[in-house]
Amino acid sequence: MEKKDIDWGNLGFGYVHTDYRFVSNYKNGSWDEGVLTEDANIVLNECACVLQYAQTAFEGLKAYTTEDGRIVVFRPDLNGERMENSAARLKMPVYPKEKFVEAVKKVVKANEGYVPPYGSGATLYIRPYMFGSDPIIGVKPANEYQFRIFTTPVGPYFKGGAKPITVRISDFDRAAPHGTGHIKAGLNYAMSLYAIVDAHEKGFDENMYLDPGTRTKLEETGGANIIFITKDGKLVTPKSDSILPSITRRSLVQVAKDYLNMEVEEREVMLSELSDFAECGLCGTAAVISPVGKIVDHGKEICLPAGMEDMGPVTKKLYDTLTGIQMGRLEAPKGWVVEI
Ligand SMILES: *Cc1c(COP(=O)(O)O)cnc(C)c1O
């Protein structure tokens with residue numbers, strides 16, 4: 001398929017209309033087969049459950065072109081599995097992960113012209129989501145649902161190198177104990193908007209959230225998990241029931257163990273330990289790893305030894321190895337890179 005006339009290197013992270021999206025409807029207890037449509041608009045009743053009670057969850061992954069010219073997606077089965085868990089927690093019908101992966105492939109194939117070329121740094125971002133669509137006024141789950149996937153080309157996350165960012169320890173919480181922090185629910189983002197706008201107004205790039213129960217342990221940021229590198233080169237990543245299980249973080253843990261022979265600790269990480277670490281990074285699909293140079297805890301600045309100029313050396317090795325696997329420059333573990 002002919003590539004669209006897009007200036008790939010100068011794309012930002014914003015919505016760009018593409019040709020096709022996938023839609024499947026749930027009614028009378030079952031999902032229909034689903035279709036690709038050119039219609040980007042949704043018409044809903046004013047009382048749709050999603051509008052009144054935020055019954056919605058989403059996923060995010062990307063398609064890109066490998067060094068040898070294949071169009072691939074990274075571990076879509078894990079996005080499908082996570083969406084199953086999100087749906088179950090919000091009392092939505094599960095869209096089976098096998099069908100999820102098929103639908104992702106279909107919609108990427110249909111929008112092949114929007115998949116950026118290798119080397120551009122750009123990707124085709126894929127956004128699956130599901131919501132309760134019929135009118136609900138008494139608080140209960142909807143009876144009807146829509147599962148959709150749209151795609152949008154997005155530019156390179158780091159233009160001109162990955163500059164370390166400054167984060168603050170947040171006084172807001174992102175998840176309640178035994179709440180919904182571990183699922184990708186829209187509601188987790190709605191309530192984080194106040195905190196992120198406030199952080200930006202005060203000159204910080206991100207909020208680092210503490211555990212909601214005791215506020216003494218580190219959890220994650222609004223949209224990325226955290227990894228630390230100790231001074232003796234171990235990878236440490238917080239473990240908690242209220243963290244969203246990032247696919248990037250889980251992949252980095254495996255890369256650290258199997259490709260780089262590193263020791264890995266998945267455990268509770270205390271706020272008081274911060275000054276012991278050599279490097280810190282935020283991990284998620286969009287950036288893979290964003291290096292953190294400085295963490296500000298109520299006026300007290302913790303400057304990571306890796307500094308504010310470049311990614312730390314161990315973080316860089318992790319980043320290069322995982323992106324090497326994704327781009328087909330290094331051999332991938334079985335099932336990680338799925339061809340369209
Ligand atoms: C999506 C998300 C992540 C990153 O997950 P990936 O699967 O790596 O993209 C991390 N934290 C939160 C809160 C998220 O919503």
Could you check how much of the accessible area of segment 8-154 is carbon and sulfur, as a whole percent, using a 1.4 Å probe?
50 percent
Using alpha-carbon positions, what is the distance between the centroids of segment 268-307 and segment 1-49, in Å?
36 Å
Given H placed 1.01 Å from N in the peptide plane, which residues other than close sequence neighbours of Asp134 have an amide H under 5 Å from its amide H?
Cys49, Asn143, Glu144
Using all alpha carbons of segment 142-216, what is the percent of pairwise distances in each 5 Å bin, ordered from the shortest bin to the longest?
3, 12, 16, 17, 19, 15, 11, 6, 2, 0
Multiply the residue separation of Glu331 and Thr216 by 0.36 nm, subtract the distance between their alpha-carbon atoms, and state the gained length in nm to one decimal.
37.4 nm
Rounded to one decimal in nm, the spacing of the 7 Å Cα→Cβ label points at Leu187 and Met270 is 3.4 nm
Going down the table (Lys109/Lys159; Lys91/Lys159; Lys3/Lys99), which pairs top 29 Å between alpha carbons?
Lys91/Lys159
Hey, got the dipole for segment 165-325? About the Cα centre, +1 on K and R Cβ, -1 on D and E Cβ, debye to the nearest 20?
260 debye
Cα-based Rg (one decimal) and Dmax (whole number) for segment 32-93, in Å?
15.8, 49
Under 22 Å between alpha carbons: how many lysine pairs meet that in segment 165-325, if sequence neighbours fewer than 8 apart on the same chain are excluded?
25
Other residues with Cβ under 13 Å from the Cβ of Asp77 give, with Lys and Arg +1 and Asp and Glu -1, a net charge of +2
Using a 10 Å Cβ count of at most 11 others and DSSP loop calls, identify the longest part of the chain lacking such GluC sites (Glu not before Pro).
68-308
Before anything else, pin down the relative contact order of the chain: Cα pairs under 8 Å, at least 6 apart, normalised by residue count, whole percent.
18 percent
Sticking with the crude label model, points 7 Å out along Cα→Cβ, report the distance from Lys3 to Asp310 in nm, one decimal please.
2.9 nm
Could you tally the net charge around Val288, taking each other residue with its Cβ under 12 Å from the Cβ of Val288, Lys/Arg +1 and Asp/Glu -1?
+2
Based on the inverse mean of 1/r over its pairs of different Cα atoms, what is the Kirkwood hydrodynamic radius of segment 159-257, in Å?
14.5 Å
Loop-located trypsin sites (Lys or Arg not before Pro) in segment 1-94 whose Cβ has at most 16 other Cβ within 10 Å (DSSP):
Lys3, Lys4, Arg70, Lys91
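Write down Rg/Rh for the chain, rounded to two decimals, with Rg from the C-alpha atoms and Rh from the Kirkwood relation over Cα pairs.
Reported Rg/Rh (Cα atoms, Kirkwood Rh): 0.96.
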Can you list the trypsin sites (Lys or Arg not before Pro) in segment 102-148 that are in a DSSP coil and have 14 or fewer other beta carbons within 10 angstrom?
none
Could you compute the net charge surrounding Ile42? Neighbours are other residues with a C-beta less than 14 Å from the C-beta of Ile42; K and R count +1, D and E count -1.
-2
Which percent of Cα-Cα pairs in segment 165-325 sits in each 10 Å bin, short to long?
11, 43, 36, 9, 0
If you find the alpha carbon centre of segment 66-130 and of segment 215-243, how far apart are they in angstrom?
26 Å
Along the Cα→Cβ direction, 7 angstrom out, place labels at Glu38 and Glu81. What is the inter-label distance in nm?
3.9 nm
From largest to smallest, what semi-axes in whole angstrom does segment 8-154 give when each is the square root of 5 times an eigenvalue of its alpha carbon gyration tensor?
29, 16, 13
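The values are calculated or read from the model by the stated rules, or taken from the named source; none is laboratory data. Keep in mind the model is a prediction, meaning the values are calculated, not measured. Cβ atoms come from the backbone with ideal geometry, glycine included; neighbour counts cover every protein chain shown. Just so you know, the surface numbers come from the protein's heavy atoms only, side chains and all, with ligands and any DNA or RNA stripped out. Shrake-Rupley method; radii C 1.70, N 1.55, O 1.52, S 1.80 Å.
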